[in-house]
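As structure tokens, the structure follows; a few thoughts come after it.
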Amino acid sequence: QVRLVESGGGLVQAGGSLRLSCTASGRTFGSSVMGWFRQAPGKEREFVAAIRRSDDTTTYTNSVKGRFTISRDNAENTVFLQMNSLIPDDTAVYYCAARSGSLLTRDEYQYNSWGQGTQVTVSS
């Protein structure tokens, strides 16, 4: 089992930036792909971004392209989500997730491990 711990959430004004971090521990070979998802109040959880360990290939949902950047530090088993030009619609609980297979997927059901979530609030 991979244990994931997120940090870096908070309150920011529209146009501001935040960087989320997620550190994996335990059976970290089970984190070939790591992703970020988010869930806004009253909405279903949605995919944000994902990155593959072996070649740093990334994928993003359209609404964050050009504003968010996902990256990872394999030596530290940590994945980051740099969020710039934040807008109120980005307000949500952000979850880190990991899967052991190498498929770079946006399907939350393909991810085996999840963090506890970190709140991001963007004020207008």
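The values are calculated or read from the model by the stated rules, or taken from the named source; none is laboratory data. Since we're looking at a predicted model, the values are computed, not measured. Using ideal geometry, Cβ is built from the backbone for each residue, glycine included, and neighbour counts are taken over all protein chains shown. Side chains are part of the model used for accessible areas, which takes the heavy atoms of the whole protein and leaves out ligands, DNA and RNA. Shrake-Rupley method; radii C 1.70, N 1.55, O 1.52, S 1.80 Å.
Within the stretch 77-124, the set of residues being outside any strand (DSSP E or B) and aliphatic (A, V, I, L, M) comprises LEU86, ILE87, LEU103, LEU104.
Just give me the residues in the stretch 35-60 being more than 13 Å from the chain's Cα centre (by Cα) and open to solvent by 60 Å² or more (accessible area, probe 1.4 Å), in sequence order. Break it down into steps so the answer makes sense when it comes.
Keep residues of the stretch 35-60 that are more than 13 Å from the chain's Cα centre (by Cα), which gives 40-44, 53-57.
Selection gives PRO41, GLY42, LYS43, GLU44, ARG53, SER54, ASP55, ASP56.
Of all residues in the stretch 1-14, those satisfying the criterion of being surrounded by 13 or more Cβ atoms within 10 Å (Cβ to Cβ) and either over 17 Å from CYS96 (Cβ atoms) or out of contact with any strand residue (DSSP E or B) (no Cβ under 9 Å at 6 or more places or on another chain) (or both) are VAL12, ALA14.
Looking only at the stretch 61-77, how many residues end up being buried (at least 19 other Cβ atoms within 10 Å of the Cβ) and modelled with pLDDT of 95 or more? It would help to see each step written out before you state the result.
Within the stretch 61-77, the first condition is being buried (at least 19 other Cβ atoms within 10 Å of the Cβ), and the residues that meet it are 64, 68, 70, 72, 77.
Now drop any that are not modelled with pLDDT of 95 or more, which leaves 64, 68, 70.
The number of residues fulfilling the criteria is 3.
Taking (1) modelled with pLDDT of 95 or more; (2) closer than 23 Å to GLN1 by Cα in turn, ILE87 satisfies each apart from (2).
Listed by first and then second residue, the pairs linking a residue in the stretch 69-94 that is closer than 16 Å to GLU46 by Cα to a residue that is open to solvent by less than 30 Å² (accessible area, probe 1.4 Å) and basic (Lys, Arg), with Cβ atoms under 8 Å apart and 6 or more places separating them unless they lie on different chains, are ASP90/ARG38; ALA92/ARG38; VAL93/ARG38; TYR94/ARG38.
Among the candidates SER32, SER25, SER17, which residue alone is touching a residue at least 40 places away in the same chain (Cβ under 8 Å), open to solvent by 20 Å² or more (accessible area, probe 1.4 Å) and in contact with a Gly (Cβ under 7 Å, 6 or more places away or on another chain)? Before the answer, list the steps.
Working: SER25 fails: in contact with a Gly (Cβ under 7 Å, 6 or more places away or on another chain); SER17 fails: in contact with a Gly (Cβ under 7 Å, 6 or more places away or on another chain).
Residue meeting the stated conditions: SER32.
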